[in-house]
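This report concerns only the one structure given below.
The values are calculated or read from the model by the stated rules, or taken from the named source; none is laboratory data. Predicted model, so just to flag it, every value in this text is computed and none were measured. Neighbour counts are summed over all protein chains in view; Cβ atoms, including those assigned to glycine, are modelled from backbone coordinates with ideal geometry. Ligands, DNA and RNA are excluded from the accessible area calculation, which covers all protein heavy atoms including side chains. Shrake-Rupley method; radii C 1.70, N 1.55, O 1.52, S 1.80 Å.
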Amino acid sequence: MLLYRSLHQLSQKIIPLLKSVTFSETGQCRVPTKTQILNNGRSGIDSCLNGKKKVVIATITLPFFFATVARAQLSPTLKAQESAAKQYVGAMNKAQQAYHAQNTGFTSSVSNLGLGRIKPDTGNYKYSINTENKVVFNYAVSERANLKSFVGGVFLVGNKTQTILCLNVAPGKIKPAIPTNANGVLQCAAGTGKVAQ
């Protein structure tokens with residue numbers, strides 16, 4: 001639907017531009033003046049030397065057209081890949097809580113979490129775990145420049161575990177900064193934002 005809408009909106013701009021170029025009986029090309037184009041809410045060209053201008057216009061607009069289509073197709077794919085990484089890190093957080101309840105400690109192995117669908121390296125993300133004293137950090141670090149990375153934290157606060165999920169504000173192959181625990185209040189680090197689990 002998004003792709004269809006993008007194509008439709010683009011055609012609404014290109015077709016009137018091509019139709020605005022007309023030819024006189026002598027074969028000369030006439031293009032509306034800049035004022036006429038602006039009054040019609042269209043973009044266009046100021047002058048035309050011969051009938052080949054329509055081809056030039058099409059040559060100039062087609063790369064724009066295909067770039068718009070590519071962006072329309074890419075955006076949902078990126079969102080789906082980031083959504084999967086977010087879900088995996090959230091699942092890792094919950095599995096760490098369950099692991100801690102059974103073993104009174106956290107694990108540093110993705111395979112110990114019993115989440116068979118998570119592979120340490122998927123091509124888009126690299127999943128890893130870093131354990132420290134009373135806390136574990138679960139990572140989904142982007143392996144592509146246009147995807148955002150995630151970090152989940154499971155903190156032992158008193159005798160209970162608390163979780164937080166954060167994502168890098170900017171896309172890139174950057175490992176997110178670790179969240180913090182300030183007297184039982186979990187916060188994402190600078191350069192990251194809290195995400196609902």
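Out of the total accessible area of region 94-197 (probe 1.4 Å, heavy atoms of protein only), what percent is carbon and sulfur? Spell out each step's value before the answer.
Details: 2700 of 5500 Å².
Carbon with sulfur: 49 percent of the solvent-accessible area.
Multiply the residue gap between N181 and N112 by 0.36 nm, knock off their C-alpha separation, and tell me the result in nm, one decimal place.
Computed gain between N181 and N112 is 22.3 nm.
Quick check: pseudo-label points 7 Å beyond the Cα along Cα→Cβ at T104 and R144, how many nm apart are they?
4.5
Net charge within 13 Å of Y127 by Cβ-Cβ distance, Lys/Arg positive one each and Asp/Glu negative one each, not counting Y127 itself?
Neighbourhood net charge equals +3.
So what J values fall out for region 155-167 if you push phi through Karplus, 6.51 cos²θ - 1.76 cosθ + 1.60 with θ = phi - 60°, rounded to Hz, Gly and Pro as x?
Here the 3J(HN,Hα) series is 10, 8, 10, x, 10, 10, 9, 10, 10, 8, 10, 10, 10 Hz.
Give me the 1.4 Å probe accessible area per residue for region 79-145, excluding ligands and nucleic acids, in Å².
That works out to 52 Å² for each residue.
Counting only the heavy atoms of the protein chains, how much of S108 is accessible to a 1.4 Å probe, in Å² to the nearest 10?
The accessible area of S108 comes to roughly 80 Å².
Sort 156-167, 86-97, 111-122 by the packing proxy (mean of other Cβ within 10 Å over each peptide's residues), most packed first.
86-97, 156-167, 111-122
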